[in-house]
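Asks: What follows is a single structure, and I will ask about it in a moment.
The values are calculated or read from the model by the stated rules, or taken from the named source; none is laboratory data. None of these values were measured; they are calculated from a predicted model. Please note: Cβ atoms are built from the backbone with ideal geometry, for glycine as well, and neighbour counts cover all protein chains shown. Side chains included, ligands, DNA and RNA excluded: accessible areas come from the protein's heavy atoms. Shrake-Rupley method; radii C 1.70, N 1.55, O 1.52, S 1.80 Å.
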Amino acid sequence: MSFKLKMLLKENGITFAILLIAFNFNSIYGQQYIKGTYDSIADKFTAKNTTDHIINTSEGFSRFYVGDGMTGMGLINKEGKIICTPIYNNIMLLADTDSWIYIKGGLYGIFDKKDGKQLVEPKYHHINPIHDKVYTYQMYSKWGLLDNLGTKLTEPLFDRIHNFKEGFARFYMDNKYGFINTKGDIIVAAKYQN
């Protein structure tokens, strides 16, 4: 992604760069573009009607970057309203879920898709969507289950949790396999080698 420098502002000996960033709200087909500026000082996005850069979208939302793109990702809706300010390392736009996964400071969290409200603070080493409204989370080397609102379904006890099929997932713990359901209940204890 490339940026256009709109202006440099110097205040109290600190130089701020105001960047021109562009957004595409019609997927990869490029039929309509919304371009705008993001003023990091005023935390305001202003849309402009021009055609330029493309950035990915999901369900009417688009990620945008500020700075080098590593520490300044945010989220706006198709009207240009900022849903999440650009303070994240990454935002994973997941289809068919009520929430999105984000990374901030190298740790994972979850926020609500509608209003950007933080559901899970960035405290996990990894979060993956694994089943409808169920996520695996990692704390150090162990895995557990969360629901889409951030409620822990299990503690991080498992060495591995596989994908769910027909409401059950195989897990690996203490060098043995067992089965768990989407509520976090162990259905078959870890006692099988294969």
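Asks: What shape does region 118-163 have by the C-alpha gyration tensor, where a ≥ b ≥ c are the square roots of the eigenvalues, rounded means a/c under 1.5, and otherwise prolate means a/b greater than b/c and oblate the rest?
Replies: On the way: a/c = 1.75, a/b = 1.16, b/c = 1.51.
Because a/c hits 1.5 or more and a/b fails to exceed b/c, region 118-163 counts as oblate.
Asks: Oh, and also: Any idea how many Lys pairs in region 91-159 come in under 16 angstrom at the alpha carbon, given 8 or more places apart or on separate chains?
Replies: Details: LYS104/LYS117; LYS104/LYS123; LYS113/LYS133; LYS114/LYS133; LYS123/LYS142; LYS123/LYS152; LYS133/LYS152; LYS142/LYS152.
Lysine pair count for region 91-159: 8.
Asks: Now for a different question. Residues of region 138-152 with backbone nitrogen within less than 13 Å of a virtual label 7 Å along the Cα-to-Cβ line of LEU107, please, listed as ranges.
Replies: 138-140
Asks: So for region 59-194, what percent of the C-alpha to C-alpha distances run longer than 17 Å?
Replies: Values: 5473 of 9180 pairs.
Here the tail beyond 17 Å accounts for 60 percent of pairs.
Asks: Could I ask something else about it? Stretched out fully, how many nm does the piece from GLU59 to MET139 gain, at 0.36 nm a residue minus the Cα gap? Display every interim value, and only then the final one.
Replies: Numbers: separation 80, 0.36 × 80 = 28.80 nm, distance 3.04 nm.
My answer for the length gained is 25.8 nm.
Asks: Something else now. Tally up the carbon and sulfur contribution to the accessible surface of region 149-192 as a whole percent, 1.4 Å probe, everything protein left in place.
Replies: 49 percent
Asks: Follow-up. Give me the 1.4 Å probe accessible area per residue for region 80-189, excluding ligands and nucleic acids, in Å².
Replies: Value for region 80-189: 51 Å² per residue.
Asks: Okay, next question. Below 8 Å between Cα atoms, with a sequence gap of 6+, how large is the relative contact order for region 143-194 in percent? If you can, show how the numbers build up before the last one.
Replies: Numbers: 103 pairs, mean separation 12.6, N = 52.
Relative contact order of region 143-194: 24 percent.
Asks: I've got another one for you. Rounded, prolate or oblate for region 95-150? Axes are the square roots of the Cα gyration tensor eigenvalues, ordered a ≥ b ≥ c, and the cut-off for rounded is a/c under 1.5.
Replies: Details: a/c = 2.22, a/b = 1.25, b/c = 1.78.
Here region 95-150 falls in the oblate category.
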